[in-house]
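The values are calculated or read from the model by the stated rules, or taken from the named source; none is laboratory data. Here the structure is a predicted model, which means the values were calculated and not measured. Glycine also receives a Cβ, built like all others from the backbone with ideal geometry; neighbour counts cover every protein chain displayed. The accessibility values were calculated without ligands, DNA or RNA, using every heavy atom of the protein model including side chains. Shrake-Rupley method; radii C 1.70, N 1.55, O 1.52, S 1.80 Å.
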Amino acid sequence: MSHENLNFRAAECSIPEIFDAVFEPIGKSGWKSNIVLTICGLLILGAAIAFSGQLYYGIGQTGLHIPVYWGGYIITFVFWIGVAHAGALISALLRLCGAEWKSAVTRVAEVITLFTLPAAGSFPLIHLGRTELFYYMLPLPNNRLLWPNFKSMLMWDVFAVSTYLTGSVLFLYVTMVPDLGIARPRMKGWIKTLYTILSWGWRGTAEEWKRVMEAAALYSVIILPVVISVHTIVSWDFAMQVVPGWHSEVFGPLFFVGALYSGTAAVFTMLGLLLWTYPGFKKVITQVHYDMLGRVWLVLGLAWAYLFFNDFVPAYYAHEPDKMDYLYYNGFGPYAAACWFLVIGNFALPLFCLAFQEFRRSIMPMFVLSIIVNIAMYIERVFIVIPGLEIYNGLNFNTIPYTYSATEIAIIAGTFGWSIGGLTLFCRIFPILPYWELAETKARQVEVDMAGVKVAYFQSGE
Amino acid sequence: MQEFHGELQWGMTIDVDKCTGCKACVVACRAENNVAVVGAEQAAMGRIMDWLRIERIHHGTYPHVHVDFIPMLCQQCGAAPCESVCPVFAAVHTHDGLNGQVYNRCIGTRVCANNCPYHVRMFNFTYPTWPEPMEKLLNPDVTVRNEGIMEKCTFCVQRIRRGTLDAKVEKREVYDGEVRPACEQACAAEALTFGLLTDSESAVSKHYDRNKFRSVLLHNEHDTRPNVVYLRPDRDPAPLESVTPLGNKSHGDHGHQENHSEMKPSAEATPAPEPAASATPVTEATPAVTASPRG
């Protein structure tokens, strides 16, 4: 990491060196990833045991009770959906914008989507009272001619999340085919076989490159509306109900921007871990990339804060009775400490820190900040779901606060194990950085020495 | 004027003035409908199930305190918020205007319970159990609901079906009083009146017509078009203003609403939208707000 100038957006080594750096971790195991995989495996095992217990004894194993019908599972569902939005933003949006620096982070983002979206999608099923009958929500033919209720926002959720999962897997795969094809001759053993199968006989002809480019551009255009609709529909799960604090017009954009915000934080967490585990990547992921993505993060943070405060400042000024109860309960009720941590960790601290270039360019502080932001974003989802239900309480004898039970904690921890373990395993088998995009960016970057000052510009890709 | 979708529309009037809060209806409902007894441990976790509950609404300041008892049951809404959100059609509208709950179809998303302004939907968090002799007293006409599904007041649909089928066999209409839900049957004060709103000669229709001036639809701000009509106490005008059973804040009575961080019963947690939207008394001058029997 040496370049200060933002114009140097490509990797800081030659193209063959990029290849070596990108494919260096493939097929190798190290103690760091072994430890991570072991912990993740144990978490998944714990979640499996907890979920078996829940299936056997019933949903009463959770901490849910009668006014608070939705709890930790739905909160974590919204959280993972948010993290999963990293993929779409960074790949599709930056690809469409023609940002050259994107190539360092696109695949990291897409792979985060690949693993966190199934984690998210599992929660609506785990949360069901009768999980074994989840297929009632699918439009399967049956002899009673029963359809699912297409008027229900939970149905829209089913279709939105499954469409997004399909789209993001295809998006990731299509852009990975050239890498697999290029790397295939230099791989050994079962990884070579795997790459041979998955690369569909990629030879690297001009026609094939043209098709990959077109497909990537097409997917970018198609997936953006899907992304926006997915998280808007997730917000409608709440916003379309009568519960005060849920029934908010700003929830659609707030959820969407919040998802991108936490998704970008997840990318920084992942990048920090990658650079720690594979120091060779430091030649490829440069300070400039950190700086540029940090700016995007800052903008998203500002947008999130704008929408977040828009959610309750108008209600506060109008003294809307429902919303006032909700606000007082949030800010000064039993969860006041968490609420103020949310405001500081999600708004004050990141926006202050990210304003400084030195901060944006340093790996460790960005890693810590990304963890803080994602904890605060999780708390934000807690505040979206729980206080509204606790306040909207017709049972005047029933004022028991909601707490996570051991079963819920184990299952939620298991999805963290699944996501982190999956990402670790992916890094061992597949290139986590897009070699061909990095090489292309490097090839297009022209460096000129102008009387001792080095500058760079990009040749058109056409 | 409310529109009825089917030929029949079952409905109920609840005279709050007559209700003594004795909870005989609650007990009758549990006995009739096999409502599970969750036990002390689950009850402490807040999982008590009651298809019908008595809400107590206090007003006035000491020593002039008054309590109204509001029997709260499924309002069998004409435009039910629970039905539209169920992804699998477990909450459906029946041909005779009930909010049906298909236990076999329910997968337990619990979204209907979140969306119910009356909080009358109860969820089976555990397998249903009864203390020792009570499991021998279960009503054979009513399904015992399994763990993981939603249930709620059905207006004693098993009695409605029996009554209508008997009438069909004997090739006649259901006569008034032939179908009586358990709560109405048990009410010593005769605060509850059940019958066909579509029959202008039925007791419920007549009772409603006579007492239209004090009828109230709860949470009318959500336009749920409930088929349970509450008749507010007919005392002198001042208490009448402050009664506002459920769903309306009493304007002059802010004594116990100072602490906003406290959780409140829905009687106080919901706002009082000014124009004709909320639980406004239905007078002769504004007959359009509430249900009206049709001959």
Within segment B:88-174, list the trypsin sites (Lys or Arg not before Pro) lying in a DSSP loop whose Cβ has at most 16 other Cβ atoms in a 10 Å radius. B:Lys171, B:Arg172
Taking amide hydrogens as modeled 1.01 Å from N in the peptide plane, which residues meet the under 5 Å criterion relative to B:Gly100, leaving out close sequence neighbours? B:Val92, B:His93, B:Thr94
Which of the GluC sites (Glu not before Pro) found in segment A:1-109 are loop residues per DSSP with 13 or fewer other Cβ atoms within 10 Å of their Cβ? A:Glu4
Taking R0 as 35 Å, what's the FRET efficiency between B:Asp141 and B:Cys22 from their Cβ-Cβ distance, rounded to 0.05? 0.85
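At 222 nm, what helix-only mean residue ellipticity would the protein assembly as shown give, in deg cm²/dmol to the nearest 500, using -39500 (n - 2.57) for each DSSP H run of four or more?
-15500 deg cm²/dmol
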Stokes-Einstein D in µm²/s, Kirkwood radius over Cα pairs - segment A:223-298 at 25 °C with 0.890 mPa s viscosity: 169 µm²/s
Taking A:289-302, A:174-187 and ranking on average Cβ neighbours within 10 Å, highest first, one gets A:289-302, A:174-187
Contact order normalised by length for chain A, with contacts defined as Cα pairs under 8 Å and 6 or more residues apart; what percent is it? 34 percent
Can you tell me the equivalent ellipsoid semi-axes for segment A:103-262? Use √(5λ) from the Cα gyration tensor, largest first, whole Å. 36, 20, 15
Express the Stokes-Einstein translational diffusion coefficient of segment B:1-108 in µm² s⁻¹, to the nearest whole number, given a Kirkwood radius over alpha-carbon pairs, 25 °C and a viscosity of 0.890 mPa s. 147 µm²/s
With a 1.4 Å probe on protein heavy atoms only, tell me which residues of segment B:57-106 lose at least 20 Å² of accessible surface in the complex relative to the chain by itself. B:Ser84, B:Val85, B:Pro87, B:Val88, B:Phe89, B:Asn104, B:Arg105
Pop out the carbon and sulfur fraction of the accessible area of segment B:95-248 as a percent, whole number, probe 1.4 Å. 54 percent
For the protein assembly as shown, report the accessible area per residue in Å² (1.4 Å probe, heavy atoms, rounded to an integer). 41 Å²
Work out the mean other chain Cβ neighbour count within 10 Å for the residues of A:58-71 and drop it here as an integer. 6
Most packed first (mean Cβ within 10 Å per residue), the peptides B:213-222, A:141-150 order as B:213-222, A:141-150
Which of the peptides A:424-437, A:247-260 is most tightly packed, and how do the rest follow, going by the mean number of other Cβ atoms within 10 Å of each residue? A:247-260, A:424-437
Can you give me the span-like helices of chain A, meaning DSSP H runs with 27 Å or more of Cα extent along the axis and Kyte-Doolittle mean at or above 1.6? A:363-391
In the structure shown, of A:Lys102/A:Lys454; B:Lys168/B:Lys206; A:Lys151/B:Lys136; A:Lys188/A:Lys282; B:Lys23/B:Lys136, the pairs separated by more than 32 angstrom at the C-alpha atoms are A:Lys151/B:Lys136
May I ask for the distance between the Cα centers of segment A:94-158 and segment B:145-203, given as a whole number of Å? 43 Å
Take the Cα gyration tensor of the protein assembly as shown, multiply each eigenvalue by 5, square-root it, and list the three semi-axes largest first, rounded to whole angstrom. 58, 28, 22
Residues with amide H under 5 Å from that of B:Trp10, placed H, sequence gap 5 or more: B:Leu197
Shielding score for B:39-47, defined as the mean number of other chain Cβ atoms within 10 Å: 4
Counting Lys and Arg as +1 and Asp and Glu as -1 over every other residue whose Cβ sits under 13 Å from the Cβ of B:Trp130, the net charge comes to +1
Area buried, chain B against chain A - accessible surface, total, 1.4 angstrom probe, square angstrom: 4600 Å²
Report, as an integer, the average count of C-beta atoms from other chains found within 10 Å of each Cβ along A:330-343. 1
